[in-house]
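The values are calculated or read from the model by the stated rules, or taken from the named source; none is laboratory data. Just so we're clear, the structure is a prediction, and the values are computed from it rather than from any experiment. Virtual Cβ from ideal backbone geometry, glycine too; neighbours counted across all protein chains shown. Accessible surface areas use protein heavy atoms only, side chains included; no ligands, DNA or RNA. Shrake-Rupley method; radii C 1.70, N 1.55, O 1.52, S 1.80 Å.
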Amino acid sequence: MNNILFIISTLFLIILTYYSVLTIWGIYYRGRELPSRFLDKYPSVDILIPAHNEGKVIGKTLDAMTKIKYPGELQIYLLDDNSQDETSTIAESYSKLYKNMHHIRVPIGKPKGKSRVLNYGLSISNSEYFAVYDADNCPEPKALRLLIEAVETFPDAMASVGYVKTINEGKNWLTRMISLEFQVFQLLMQSGRWLLFKTGSLTGTNMVVRRTVIEKIGGYDVYALAEDAELTMTITRLGGLIPVVPESRTWEQEPESLRVLLKQRTRWLQGNLYLLEKMFSSIQFFKGRVLVHSLQQILIYVVFLVFLLISHVWFALGLLGYWKFSLAAPTLLIWYVSYIIYTSQLFSAQAVEKSFSPMNIFIGFIMYFTYAQFFIYLFVRSLFYYIKAKRRKEIIPWDKTIRF
Amino acid sequence: MKQAKWLMISILIQAIMICLSVTILETKILPFFLGSYLLFVFVLSRITRRKGFVLLVCVVLILALSFLFIGFLNGLDTPQQLIYILRHMFFTLNGVITYFTVYIAKRLEEDNERLKTKVDLLTSYVGDTKLLTEQEFQERMNLILKAMERREESGYLILFSLENIPSHTTATIYDTLTEKALQTFRNDYDLVGRKDDISFMVFLQNTNAVGLNIALDRYAENVKADLEMDVHEIIHEIQALGIAEGQVA
């Protein structure tokens, strides 16, 4: 038992070191000067906006779309997935006024979800590139142009992805934590990994993809709940790069209550579990650059989570007096270093995004003990429902995020 | 709160930290702490803010991982681990405050320089003289030109250049020539302004070609009184303005 726990502690140390390296490289990448990448000619782009009952937010989104400054041909498709609220009315009023804006009513079908709607959008459009924006997103005017410039100028690039900022960050502690989480993810996983391994991850919004790529793979996987992660793996398997463009920014709304967050993250986690299942079924996911993504998935959703669960159980049993033994490993220091690394990532992200404030600093100090621990419950819950659905041979339904 | 006040606060905290370190830290660690602190301040003052932040994060993480490694190697028990944790927290806090102190000071210095440059640019006159800055000259000339066009008057813009003057005397000659120009040409009516380090401009309003030559000859005479120089030789360009525009001067 001692040896097993010692090995676990050592592996944990390796993971901590890896994330420390990613933090530093991410800070370095984000601090560089943006190279100028103006094109002589800009390719045509279709923006696809899947929407289902987005009446609360779609007006602002379409308003932001009209302000996009893109030098090439641009068409915007609001893909109305059987909305029952005022989404259709709002979309229709915009499409009547703006020549390049189209309100498309997606036929009802199964399975429900973003992937199927996007596939329909792709079938009725024909540009060289397509961009995806969620219905609650307000991209900055130059966001799209920067993404296209990146994908057109980087060798072997098949897609590109920008940053997602939280528009309702100041709403409450939860939204601040979500915002910080996004900032850290984008600093480490996007910028750090891009600089080190030339791997980027699509985020489902504020992204562009070459149409030829999606045509080659036959469209989105309609059963994938995390269609962005799935497409990332596919593109990487094809040998394509996904440059990360932090200067391309979109602003989106994040859940303002735990209940809504729970539903959203359960879907995301189940999507990643689906991806994990796919990964373990084929050796293709462990070759070349895809290995980085695969290892990332395994590190987080298998290794790290399992270790974390063991550590929590161990701590609880020790606290209650059920489990007492000495381990040849400095467990208190391991815990402290984990806390330091996690908190350093949060403050580094704030420094890079210039989002330091007394409240954000306070949130940074307590996130490890609060928001981060929520992840374990989320994972266990997601795993439970995923296995349950698999046993019953049921399709996992798409749980739409409630807007505010 | 203003940056200067933050700087004072951070310096005060630094002083407290140093006093604390001398009293709390063990004797064997103290030289390491003080040495690394001084080295950190020196390095931070030499590199940019971005690189400084990367360095700070590197130091915090490497120190933490080093202590963890020491913990593994030496099989530290819980109280000993706690001591290392407290040491790390102390070093981190000191590192963060040092970073802020150095960069607030640097930022104040940069702001000062930037503001000075901006003030110089916006000032109407060059230094203590009555020589107009380029910006002020252009603005006044544009105003006068509008009035001249309305009154159907003519004027001339003369550009003098010292490019052929030996460089070690340029600055001095420049001062003399511009002073003479200010004395010669009509005060508060005509304009004399700086273009760059070796050129200056004179704008004569409401005058014709005859008046221009009279003014230039008067100027040449005044200059000749002190300098062995014919000002006609340093005239780079004469531009006719107002209704005289396009005419040869």
**Request:** Scan around B:TYR125 for amide H atoms under 5 Å from its own, H built in the peptide plane at 1.01 Å from N, and keep only partners 5 or more places away or cross-chain.
**Result:** B:THR133
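Below 8 Å, C-alpha to C-alpha, sequence gap of six or more: please give me the relative contact order for chain B in percent.
19
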**Message:** Shape verdict for the range A:35-284, please, from the Cα gyration tensor: rounded (a/c under 1.5), prolate (a/b greater than b/c) or oblate.
**Reply:** rounded
**Complete:** Rounded to a whole %, the carbon-and-sulfur portion of the accessible area of the protein assembly as shown at a 1.4 Å probe is 61
**Message:** Could you work out [θ]222 nm for chain B from helices alone, using -39500 (n - 2.57) per DSSP H run of at least four and dividing by all its residues? Round to the nearest 500 deg cm²/dmol.
**Reply:** -23000 deg cm²/dmol
**Complete:** Judged on accessible area alone, 1.4 Å probe, highest first, B:ARG150, A:ARG381, B:ARG114, A:ARG116 line up as B:ARG150, B:ARG114, A:ARG381, A:ARG116
**Prompt:** About the Cα centre of the range A:35-284, what is the dipole size in debye to 20, counting +1 per Lys and Arg Cβ and -1 per Asp and Glu Cβ, all else neutral?
**Reply:** 180
**Item:** Directionally averaged projected area (convex hull, Cα atoms, the range A:216-301), nm²
**Value:** 7.0
**Item:** Lysine pairs meeting the criterion (Cα under 20 Å, 8 or more apart or interchain), as found in chain B
**Value:** 14
**Request:** Run through all the Cα pairs of the range B:2-122 and give the fraction in each 5 Å bin from 0, expressed as whole percent.
**Result:** 2, 10, 17, 19, 17, 12, 9, 5, 3, 2, 1, 1, 0, 0
**Charge dipole (chain A, unit charges on Cβ, about Cα centre) - positive-most of A:ILE167, A:TYR368, A:SER355** = A:TYR368
**Request:** Kindly express, to the nearest 10 degrees and within the range 0 to 90, the angle between helix A:227-237's C-alpha long axis and the longest C-alpha principal axis of chain A.
**Result:** 90
**Length-normalised contact order of the range B:134-242 in % [C-alpha pairs under 8 Å, at least 6 apart]** = 42
**Message:** If every alpha-carbon in the range B:1-45 counts as one equal scatterer, what log10 I(q)/I(0) does Debye give at q = 0.19, 0.20, 0.32 1/Å?
**Reply:** -0.68, -0.73, -1.06
**Prompt:** Which of rounded, prolate, oblate describes the protein assembly as shown, given a ≥ b ≥ c as roots of the alpha-carbon gyration tensor eigenvalues and a/c under 1.5 marking rounded, otherwise prolate only if a/b is larger than b/c?
**Reply:** oblate
**Asked** Once Rh is set to the Kirkwood radius over Cα pairs, what Stokes-Einstein translational diffusion coefficient, in µm²/s, holds for chain B at a temperature of 25 °C and a viscosity of 0.890 mPa s?
**Response** 103
**Request:** For peptide B:60-67, compute the average count of partner chain beta-carbon atoms within 10 Å of each residue's beta-carbon.
**Result:** 6
**Complete:** Residues meeting the amide H criterion for A:LYS165 (H placed from the backbone, H to H distance under 5 Å, 5 or more places apart or on another chain) are A:THR250, A:TRP251, A:GLU252
**Exposure of B:HIS232 as accessible area (Å², to 10), given a probe of 1.4 Å and all protein chains** = 80
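Probe of 1.4 angstrom, ligands and nucleic acids ignored: what's the accessible area per residue over chain A, in square angstrom?
Computed with neighbouring chains in place, this is 44 Å² per residue.
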**Stokes-Einstein translational diffusion, the range B:39-93 - Kirkwood Rh over all Cα pairs, 1.567 mPa s, 4 °C, in µm²/s** = 104
**Message:** Counting only other chains, and only Cβ atoms inside 10 Å, what mean value do you get across the residues of B:81-93?
**Reply:** 2
**Asked** Helix A:2-30: angle to the longest alpha-carbon principal axis of chain A, degrees 0 to 90, nearest 10?
**Response** 40
**Asked** Nearest 100 Å², what total accessible surface is buried between chain A and chain B (probe 1.4 Å)?
**Response** 2100
**Rounded to the nearest 10 Å², the accessible area of B:ARG49 at probe 1.4 Å** = 120
**Prompt:** On average, how much accessible surface per residue is there in the range B:157-229, in Å², for a 1.4 Å probe, leaving out ligands, DNA and RNA?
**Reply:** 52
**Message:** Antiparallel versus total DSSP beta bridges in the protein assembly as shown: what percent is that, nearest 5?
**Reply:** 55
**Fill in**
Treating every alpha carbon of the range B:134-242 as one equal point scatterer without solvent, the Debye formula yields log10 I(q)/I(0) values at q = 0.14, 0.16, 0.21 Å⁻¹ of -0.53, -0.69, -1.15
